[in-house]
1. Across region 258-288, what is the total count of residues that are touching a Gly at 6+ places or on another chain (Cβ under 6 Å), open to solvent by 40 Å² or more (accessible area, probe 1.4 Å) and part of a helix (DSSP H, G or I)?
2. Would you mind listing the helices (runs of 4 or more DSSP H) fully within region 170-256 where at least 2 residues are modelled with pLDDT under 80 and open to solvent by 30 Å² or more (accessible area, probe 1.4 Å)?
3. For region 72-125, what are the residues that are in a loop (DSSP other than H, G, I, E, B), of a type in the set (Val, Ile, Thr) and in contact with a strand residue (DSSP E or B) (Cβ under 8 Å, 6 or more places away or on another chain)?
4. Out of all the residues in region 75-120, which are of a type in the set (Lys, Arg) and surrounded by fewer than 17 Cβ atoms within 10 Å (Cβ to Cβ)?
5. Determine, yes or no, whether Ala87 is among the aliphatic types (A, V, I, L, M) and at pLDDT below 75.
Amino acid sequence: EMIRMLSLPRATDNFASVLSKQVDLRIEGKNLSRFHDNFTYQKKSLMKAFMSTNIPSSAVLFPQPVEEWVSRDVLVEEYVDNADPIAKYLHDDSPEGMKVRKELAGPLLRSYLKMVFLDNFTHCDLHAGNVLIKRAPTDSNKKGKDSQTIVFLDAGLAISLSPNDRRNLVDLFRAVILNEGEEAGRLMVERARYERCSQVEGGVEAFSKGVGQLVSEFHANRKKGLTLGAVRIGSLLGRVLDLCRVHQVEIDPAMANIVISTLVLEGLGRSLASDLNLLDFALPFVLRAGKV
């Protein structure tokens, strides 16, 4: 029963899929094109869908592959000039540097939340080495000051959640917002492809109560403000997965990739501006709308 609950065949298939996608550069090329489409809103269909969100397509950039130079072993992409690694900004503690860091943290977090909640196509390798900042010269910017565009690299590892796990993730975030963790826990058990929780007396209640306690603990931080410095949403998701292990509630292995990616991206956002309110960013996306 334990082996069955671990879903080793699915985990193995997921791991094999991740590895194969990393060594076939044609897949990374297709991912770059898909990300580019997801963050480009000039198209009429996308403009209509996102008209009310006012998402500027200039906030995020994915280098595009040169189609004639893409094969399994070779991937040539467009060159992004005037760009520096985001790590360059992490150590600038001057007043102007802190201002720029805060300006970067917003679109960085919104971009990730859009990938997870709106697109269901998430870049799962967003460490600092895969993020560049492209600055527009002052004289070409109508506002009279430098503007920044976030450039995401290395899109070989991208994940889409199953409809079931996507609903669970959205419900968990809603539970954090509304402090309804126990209800989210019950829904996770009901939707699981395999679980032993309901076969143990009081098992569903114990699992649901565990999720409720985690969410209440997280929710209590509102007294301090739900800033990146005060809360750890990636840690919360990891603890929920640990509850799933203890109570034997199966989760798609792809969900673990989202959790790890959230931990990495959240840490990068915290390094940029720890005083940003996480709830302010997450709420529009959990409710199926948002703005980059």
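1. Looking only at that region, the number is 2.
2. Of the helices (runs of 4 or more DSSP H) lying wholly inside region 170-256, those with at least 2 residues that are modelled with pLDDT under 80 and open to solvent by 30 Å² or more (accessible area, probe 1.4 Å) span 203-220.
3. Across region 72-125, the qualifying residues are Val80, Ile86.
4. Result: Lys88, Lys99, Lys102.
5. no
The values are calculated or read from the model by the stated rules, or taken from the named source; none is laboratory data. Quick caveat, the model's predicted, so the values are computed rather than measured. With ideal geometry, Cβ positions are generated from the backbone for all residues, glycine too; neighbour counts draw on all protein chains shown. Ligands, DNA and RNA are stripped out before the accessible areas are found, and what is left, the full protein with its side chains, is counted by its heavy atoms. Shrake-Rupley method; radii C 1.70, N 1.55, O 1.52, S 1.80 Å.
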